[in-house]
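*Asks:* Next up is a structure, given as structure tokens.
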Amino acid sequence: MIEIGAQVELSHPPERVWLALTDRELLGRWFADAETLEGVPDRLLLRTAGLPGFGADVEVEVTDRQEPDRLVLACDEAGRLSEVTCDVTATAQGCRLEVREVTTHGGWSVEQQKPREQQLRQALTVRLPAILDWLAFQQVDLRRGDGGMTTELPLVGASRNGSARARRRTVAAVLVGLAVLGGAAAWVALPIGGKQSAAPPAPPSPSPSVTAVAVATTPRSTASVRPSRTATSPTVRPSRTPSVKPTPTATAAVPPPPPPLTARYETDSSRLFGYTGEVVVGNPAATPAAGWAVVVTFADGSTVDDVEGAESRQDGRSITFTGGALPAGGSQTIRFDVRDNRPKARAPESCTVGGNPCSGL
């Protein structure tokens with residue numbers, strides 16, 4: 001673990017210092033140009049490549065924010081991870097700002113560490129006080145914003161019309177510029193299957209039973225002409241009635257079960273300690289599905305929020321996403337935001353729909 005840090009006494013209130021640490025435009029004036037990442041809150045990209053002690057741009061995300069006293073950032077500089085803590089303490093003259101950066105994965109070389117710490121100290125003790133003075137002039141006398149900088153502030157160019165307050169779009173990640181640049185702050189802030197019911201087998205049709213009946217013919221007796229002789233009537237054999245064989249009954253054809261629901265997982269966006277996931281549930285059958293359920297299992301310690309497109313229920317590390325009827329050939333998209341404590345994690349551990357795995361994982 002490597003740590004660098006710097007501390008400075010400032011004749012400005014904590015609220016003004018906080019603004020300089022968290023406003024993207026102000027950060028670019030005293031530390032490094034910063035870009036927000038569209039659709040991702042509390043995340044920023046600092047253009048630090050080429051600055052002393054830096055080998056690449058730094059991606060930062062806010063992990064703890066206690067305005068205006070503390071800001072904690074997670075930083076990622078081309079795979080080298082660090083945590084930057086900025087503490088602002090009110091004093092009789094203004095406030096004290098202390099910035100510390102500690103590596104959490106990887107480290108800086110000897111050639112990088114010293115210039116990196118020097119860059120941090122210079123940013124805090126020279127450029128930051130200058131921008132705070134300029135900001136104070138803007139807030140006290142707005143006409144100074146139209147006249148440009150005074151000779152006492154040679155480090156800052158002329159401002160645009162309007163006060164800095166009108167451009168106060170706080171990106172709670174800007175602080176990363178501090179700890180990252182030489183203690184740069186790290187802006188790292190830190191689903192469905194319907195069950196198919198098989199059609200009940202058709203009850204067997206009763207086979208008709210045919211009983212063969214034997215019919216016997218009784219012979220008539222013929223009287224004898226002569227009393228001394230008796231004529232015997234011939235015996236008539238009963239006729240045989242052919243047995244009727246039962247006709248086989250055709251079994252009713254059972255229609256094949258509809259194809260199971262499908263689901264596809266995709267990571268929509270990612271950051272240092274988290275990502276936004278998306279699951280698309282499809283119904284390839286020719287008939288509607290009454291309902292669906294997708295089960296997604298996440299890493300231990302992960303949290304999920306901002307769920308769209310489904311109802312959710314958590315059980316341990318697994319979350320079940322459910323929804324209503326899905327028309328034949330239709331689909332439903334589920335989106336959710338995941339905060340994962342594994343650096344660079346990009347997907348959950350598993351995803352199933354109706355017990356079948358989702359594609360894409």
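Every read-out reported here was derived from the displayed coordinates using simple, explicitly stated rules and does not represent laboratory data. It should be emphasised that the depicted structure is a prediction, and the values quoted were computed from it without experimental measurement. For neighbour counting, all protein chains shown are included, and Cβ atoms are generated from backbone atoms with ideal geometry for every residue, glycine included.
*Asks:* What chymotrypsin sites (Phe, Trp or Tyr not before Pro) does segment 255-361 have in DSSP loop regions with at most 11 other beta carbons within 10 Å?
*Replies:* Hits after loop and neighbour filter: nothing returned.
*Asks:* Along segment 54-66, what does the Karplus equation 6.51 cos²θ - 1.76 cosθ + 1.60 (θ = phi - 60°) give for ³J(HN,Hα), rounded to whole Hz, x for Gly and Pro?
*Replies:* 10, x, 7, 5, 10, 9, 10, 8, 6, 10, 8, 9, 10
*Asks:* Show me the three semi-axes of the equivalent ellipsoid for segment 1-107, from the C-alpha gyration tensor (sqrt of 5 times each eigenvalue), largest first, rounded to whole Å.
*Replies:* Over the Cα atoms of segment 1-107, the ellipsoid semi-axes are 23, 16, 13 Å.
*Asks:* Ratio of Rg to Rh for segment 263-309, alpha carbon only, Kirkwood? Intermediate results must be reported in sequence, preceding the final value.
*Replies:* Numbers: Rg = 13.6 Å, Rh = 13.1 Å.
With Rh from the inverse mean 1/r over Cα pairs, Rg/Rh is 1.04.
*Asks:* Related question: For segment 256-272, what does the Karplus curve 6.51 cos²θ - 1.76 cosθ + 1.60, with θ = phi - 60°, yield as ³J(HN,Hα) per residue in whole Hz, taken in order and with x for Gly and Pro?
*Replies:* x, x, x, x, x, 5, 10, 8, 10, 9, 8, 8, 7, 7, 9, 8, 4
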